[in-house]
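The values are calculated or read from the model by the stated rules, or taken from the named source; none is laboratory data. Being a predicted model, the structure only gives us computed values, none of them experimental. Reconstructed Cβ throughout: ideal geometry from the backbone, glycine too, with neighbour counts over all protein chains shown.
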Amino acid sequence: MNGNRQRILTVRGLCKAYGSGESRVEALRNIDLDIYDGELLTILGSSGSGKSTLLNMLGGMDGFDSGSVIVNGQELAGLRDTELTKYRREKVGFVFQSFNLILELTVRENVALTANSRDPGLVDRMIAAVGLTEKADSYPTKLSGGQQQRVSIARALAKDPEILLCDEPTGALDSETGKAVLVLLESLSRDSGKTVVIVTHNRDISRMSDRTISMKNGVIVEETANEAVVSAADIEW
Amino acid sequence: MKGMLRAIRKKHIKLLASVAVIASLGFGMTAGLICGYNSLKRSLKDYVSGYSYPDAVITTEVTTNSSADRLKELAGVTACDARLYADTTVRDSEGKNLTVRAFSFSEEERQRFVYWSEADNTEDTVLVEFKFAQSNNIRAGDRLSFRVKGEYRDYTVGGTVSRPETLAAKINDDSWGINYDFGYVYVPVSLLEEEYAKDYAEKKSELDKKSEDLENETEKAGKLLNEKIKELEESKKLFDEQKQAFKDAEEMEGSLSEQREELSDSEKELKEKQTELEAVIALTESKEAELSEQYAKLTEAKNGLAAIKEPLEQLRQLNASLSDASITKVIEFVSGLLVDLKYPVLTEDVELLRTRLAEAQKEGLPERIDKTAESVADFIVSVDSEIKAGIDRLTSDEMREQAERIAEMPELPTGDSEYAELIALLADHIREATVSPEQLTEVYELTVNELTELRRSLDELNIPQTAAKLRSIDAVGSAEKLGVLLQAIEERTRTTDTSGQTLSQIYNGILKSVSDMISELEAKRAQILAELARYGIAEDGIDAALWQLDQGIKECRSQRTKAKNGLTEVRNGIGQIEDGIAELDEALEKLRDELSKNSSELNNAEKDLQNAEDELDREIVRALDERSEIEKELEDAYKLLDENTGYDELCNEFLLYFDGSADADALLEKAAASFGNVKVKSSYTYADSAVKKRIDENLDPIRTMMVFLPAAFFAIVLIVIFLFMSMIIKQSRREIGILRALGFTRGQVRAEFCKVSLVVCAAGLIPGALIAAGLSMYVGSYFKDFFPLPEFFYDIGFAGIALPAAATAAVTLGATLLSTGQISRIMPDEAMSRQVRASAKIPALLRPAVNSLRPMAKVSVTSLMRSKGRFVISTVCIAASATLILTAFSFIASKNYTVHQVFDERIKYDCQIFLEKMPSDGLINELGNRGYTVRTEKLAYWQTDISANGKSRQTAVNAIEENSTLIGITDGSGKELRVGRGGIVLERHIADELGVDVGGTVTVKGRDLTVTAVSDQCVDRIQYISLADAQTLCEPDLCCLVCTLSGDCKQELLTLLFDTEGYQYSVFTAALYDYNTELYATYDLAAWIVIAFAVVIGFVIVFNTMLTNLHENKKELAILRTLGFQHREISRSRLLQALLQFALACLIGFPLGGLLARAALASISTPLTEYVYVGGILEYVFTGGIILAYLLVSHLISMRSMKKWDVTEIVKDKE
């Protein structure tokens, strides 16, 4: 499946634990994972499986205890904060479950936060890409959940990341709205060739991906290539 | 990060606005007050430093200006300005009289003035001191009329000037605030000097010379008169002595006469006494004779009775005994026996005796007789045998010896013839050697014994005894008869032919005689008793009567003896008296002669003395009259001279400048002494450093109010700003997380937030600067009026503006940087995630209690515990607010109390005027006529050291007339106090500080004074001593005129004083009150500013904290609402939190407020006046009320905002 594709992200022996003593939780235990350029990957798992933690590690949102994460040749382990920040800034686009928009900024301003200032039209293009041109000057509080999530996606894309990481992008949305978001993500992967990683607990959503990594209790229990990829538009949950 | 700034601002607009407001107010107030203070300080110092004070000033009565030249010649004096001044009245344009002190000034001095307005100084213009001009609405161009030589002449006001000396006096606490309503006016030299001074000085000098001459002459005349007086006195003394002597002599004459009288009287008395005594003697003699006669008679009677009694008794007994027949027989027998025993033939006698005895026995003789007879018989027998036996043994010589011995034996009853014969018989026997001596002795002894026995027996028969007794009876004249009888009996007993019958006859004869004798004796007795009965005396009363008579006789004798003794004494006394009288007569005669001689001499001497005295008096009166005339002339001349000047006291003032090395005090003394006869009114040194020091000292309390307190307050403001900014940043945690997640560096994030801080700073500092400017200008204008500063320099310096601004900015940015940095360090994921709020950590001890609470209460407690940090900070801020508010209120209350103590309690009159001399009666009367109630006190005031018990302290001392009542000063019991010589009344705090009490001793200027009372004036620290003591300790020169009056009649009083009497120096208590009122208004202003800011900032803090707290717990509260909890229940629980905060804030803030208030009061206290902390319940109530008010308002507003929540949306909101 991924034979033609280049491996852009390699995870080896990744471990992450939270807390200490009796309350220590091993969120990730010795994860090994490869992500390929342009693939649409789903990390599937129930609540507490470690999937969001894995995504945060991949996104440089948090540090890990051991192992390595190499993104396009750059090892994340041992990076200083500035380097990690730079990584987040340049290499990764993150879409949060709770959108995490700046409520006091308009859609355009939110998207512009990460946009390359040398390209003046980029923001509008990104907004247009997510179909929210008419809402460009609206505040997030005036948008629906789906719209907010699309803004979040636009913001993530505005930096032209190497990889787009989506943490439960439809978690806060209804099925219809969520589907729209998925369609967008799908198009980014299929049409734009972006590497998209979606973390979800919804198995139905995983049907749209090229590959599904199943996680349970902090370990990858299964890795399956999706033989019959379903279009996001056809996914029902 | 375009728009990020706006976003942050928008999100935290309220909080940021609050910070800006707090910053602006805090900065504004602090900077404003500090700038105001700095401006004041600069204005004062610049003003003072611009003026060159002289080193010393001497004020004299007017003299020529040559004095200045002379002073310049003194070593150490570098320059000397001379000017004139005079107190006078001028009329302003409106015709109002103004009392001024007019100074002439030289050109040099003009350079030293500080001008503050256009001053056109020409010969016709005068310059007015600016404060005075301000107060009296005098402007440049106005006309002032001066009285010159009795006429008013107009001068134009060229402008206003300022003298820093007045400023120095104004801010000099020791001066009690000299009121410059008595204004200073600077006039051209010509006005005072050229027209008057020279002429005046010359004329005055002439008058002085005349005065001096008068004094000299008076002195000479005085000496002469004194000598005469002395002589006269000596003569008087002598005369008095003589007179006294004469008087003594007269007294003596009188005394002697009296003595003679007394002696005569005594003689008379004694003679009378003598007569009495002689009468007594005669009487006692006759009485005694009478009594003796009676006694003799009675004694005779008694004796007679006594003489009769016994014999009578014996006779009766004898009679009785003689009547016994047996006895008769015995007598007969024994008689016979006796007779028989006379015969030498014994044997026969014995036989006879035996025979007779036998017969007697037969007849029944008593046993005794039997025995006797028997024994006699035995005796005779024995004797016979013995004699017979012994006789043979005796030699004739021995017998003779025995016989002689026996004859000589005293035991022999030699008076009894019968024994004598018996013995003789024996002796014959012995001589005839019929018995041995021993035998004879033995026989004799036996014989004697037997004879003795026999005699006893015979005696018992009473015959010899009877005979003896009979012989003894002599009293009744029967002695012869008895004697004859006895003799007869005796003869009969001796004769041999005496027979028993004869004896019986004799016996019977005896019986009859006895019976006759008895009758006779009884008759005699009866006679005596009858005689006694005639005198009423019974037989058994004889002794008593005799005793009485004896007593009577003794008494008579005693009286007589006494009388005789007395008579002797009296006669002696009469003799002495007669001698004494004779002596007295002689002395009196001599004395009278002398008296009459001296009397006439004395009269003459007295007359002479009187004449001399009268003459001397006349001479003295003449001299005094002459002097009075001359004095009057001089006085009139002086008065005329003064009147012509138009001034009451034209004085010279010499401003001296010394070189740096000179001893100013010594040089001043020398300069003052150089004036000679010209009177020096005052002299004092001036030290710039002292003036500046005074400025600093008086700025200290202002600095406390305007710098330190605001600085403390500002520190709190900065803390609040820091906390608020930190809070804002922490509330932006999510945004920071997002930005960090999006790849913004920490620096970029910090920069963005710093922009926010800068905006806030600007928003705070710019208005703050405006507030500061406005406040400092307001304060400046206030001080400009308060101090006589013509100009006020605003000092907006580093300390005032830049420092607080920099501090504000630094704190704001610092908080931002710190908080942003902290949060930026958190991983984006964590930062963005819903903050897992820290669980409320309930201490184990409280857990059971908390768990037992109702849900609402539990939510409140847990939310409190969760945000305890903010709660604590908020509480501390409220406490700080409470502290400041309480400090300010307490300060105001304490200051008001002190003012009340000093003015309302202490000063119960309208004005108090200090004069240089006692007001005349005329003035007092005039004041009385105008309706003033006046009293005067001579007093003095100065600062000195007072010490006791090894401790020393500088304090103010007032000296008043002895036994004057200290106005308004009492001891703890409310009793008004007086001060006497050698005593001191101490103020209570001073007394406590020195450790003395009433009766203790303190030392003032080396003099020990006794503490006579301790006053309860705890704020007005003045000690009181008597003027008499003060006059030896310092130079009291003030008189106090105390007036009670109504209305504002200050000016009238001044005019009256000045026009009528020309008093030099005056201070009004009203001015003191006004002066201090302004000062206190300053303090009040500062305090109210602090209160205002504390309230506003406290409110802002509380309000924002409450809102933040509400916001933090929005979700919980919304859930509670959805669960059915009422708004009021939630409101109540939050109100309880607010009240808890209130309680804690008061607990912390009140004690701190008290301490801070005390510190503030201490900083404005002076050695003269202590501001006492009197924090009462009211201040606490006000403070608590204000804090509670803004807590409640904040609570209400926050609760009202809560009412607007859409709880369902809040509950749904996951973020």
- How many residues are within 21 Å of B:Gln1126 (Cα to Cα), modelled with pLDDT of 90 or more and of a type outside the set (A, V, I, L, M, F, W, C) when one looks only at region B:1184-1194? 0
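Listed residues A:Lys135, A:Lys159; which is touching a helix residue (DSSP H, G or I) at 6+ places or on another chain (Cβ under 7 Å), crowded, with 20+ Cβ neighbours inside 10 Å, closer than 23 Å to A:Leu54 by Cβ and touching a residue at least 24 places away in the same chain (Cβ under 8 Å)?
Selected residue: A:Lys159, the only one of A:Lys135, A:Lys159 that is touching a helix residue (DSSP H, G or I) at 6+ places or on another chain (Cβ under 7 Å), crowded, with 20+ Cβ neighbours inside 10 Å, closer than 23 Å to A:Leu54 by Cβ and touching a residue at least 24 places away in the same chain (Cβ under 8 Å).
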- B:Lys297 vs (1) in contact with a Phe, Trp or Tyr (Cβ under 9 Å, 6 or more places away or on another chain); (2) at pLDDT below 80; (3) closer than 30 Å to B:Trp547 by Cα; (4) not aromatic (Phe, Trp, Tyr): all pass except (2)
- Note on the structure: By residue number, the members of region A:184-222 that are assigned to a strand (DSSP E or B) and surrounded by fewer than 14 Cβ atoms within 10 Å (Cβ to Cβ) are A:Val221, A:Glu222
- Item | Subset of region A:81-103 (residues that are within 13 Å of the chain's Cα centre (by Cα), at the interface with another protein chain (Cβ under 7 Å from one of its Cβ atoms) and more than 25 Å from B:Lys11 (Cα to Cα)) | A:Arg88
- Message: I want to confirm something. Restricting to region A:70-80 and keeping residues that are surrounded by fewer than 14 Cβ atoms within 10 Å (Cβ to Cβ) and under 23 Å from A:Glu26 (Cα atoms), which single residue is farthest from the other protein chains (Cβ to nearest Cβ)?
- Response: A:Glu75
- Any residue in region A:49-69 that is among the aliphatic types (A, V, I, L, M), assigned to a strand (DSSP E or B), within 11 Å of chain B (Cβ to nearest Cβ) and touching a Leu at 6+ places or on another chain (Cβ under 7 Å)? no
- Message: Testing B:Phe753 on (1) within 12 Å of chain A (Cβ to nearest Cβ); (2) outside any loop (DSSP other than H, G, I, E, B); (3) surrounded by 22 or more Cβ atoms within 10 Å (Cβ to Cβ), one condition comes back false. Which one is that?
- Response: (1)
- Please indicate, with yes or no, whether at least one residue in region B:76-92 is part of a loop (DSSP other than H, G, I, E, B), at pLDDT 80 or above and under 30 Å from B:Ser205 (Cα atoms). yes
- Message: Let me spell it out: the conditions are (1) part of a helix (DSSP H, G or I); (2) more than 11 Å from every other protein chain (Cβ to nearest Cβ); (3) of a type in the set (A, V, I, L, M, F, W, C), and A:Val123 meets all of them except one. Which number is the exception?
- Response: (2)
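From the residues in region B:2-40 that are within 13 Å of another protein chain (Cβ to nearest Cβ) and surrounded by fewer than 20 Cβ atoms within 10 Å (Cβ to Cβ), which one is nearest to A:Asp137 (Cα to Cα)?
Here the residue is B:Gly3.
Table: residues versus (1) at pLDDT 80 or above; (2) within 14 Å of chain A (Cβ to nearest Cβ).
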site: B:Met777; (1), (2): yes, no
site: B:Leu789; (1), (2): no, no
site: B:Ala806; (1), (2): yes, no
site: B:Thr816; (1), (2): yes, no
site: B:Ser819; (1), (2): yes, no
site: B:Ile826; (1), (2): yes, yes
site: B:Pro843; (1), (2): no, no
site: B:Leu846; (1), (2): no, no
- Message: I'd like the residue in region B:723-739 that is surrounded by fewer than 24 Cβ atoms within 10 Å (Cβ to Cβ) and closer than 14 Å to B:Ile873 by Cβ and, out of all such residues, is farthest from the other protein chains (Cβ to nearest Cβ).
- Response: B:Leu723
- Query: Looking only at region A:104-120, which residues are facing chain B (nearest Cβ under 9 Å) and of a type in the set (S, T, N, Q)?
  - Reply: A:Thr106, A:Asn110, A:Thr114, A:Ser117
- Message: Return the pair list, or none, for Cβ contacts closer than 9 Å from residues in region A:84-104 that are acidic (Asp, Glu) to residues that are part of a loop (DSSP other than H, G, I, E, B), at least 6 apart or on different chains.
- Response: A:Glu90/A:Lys159; A:Glu90/A:Asp160; A:Glu90/A:Pro161; A:Glu90/A:Glu162; A:Glu90/B:Gly743; A:Glu104/A:Tyr139; A:Glu104/B:Gly3
- Could you tell me which numbered condition B:Glu250 fails, if it satisfies all but one of (1) loosely packed, with under 13 Cβ neighbours inside 10 Å; (2) touching a residue at least 24 places away in the same chain (Cβ under 8 Å)? (1)
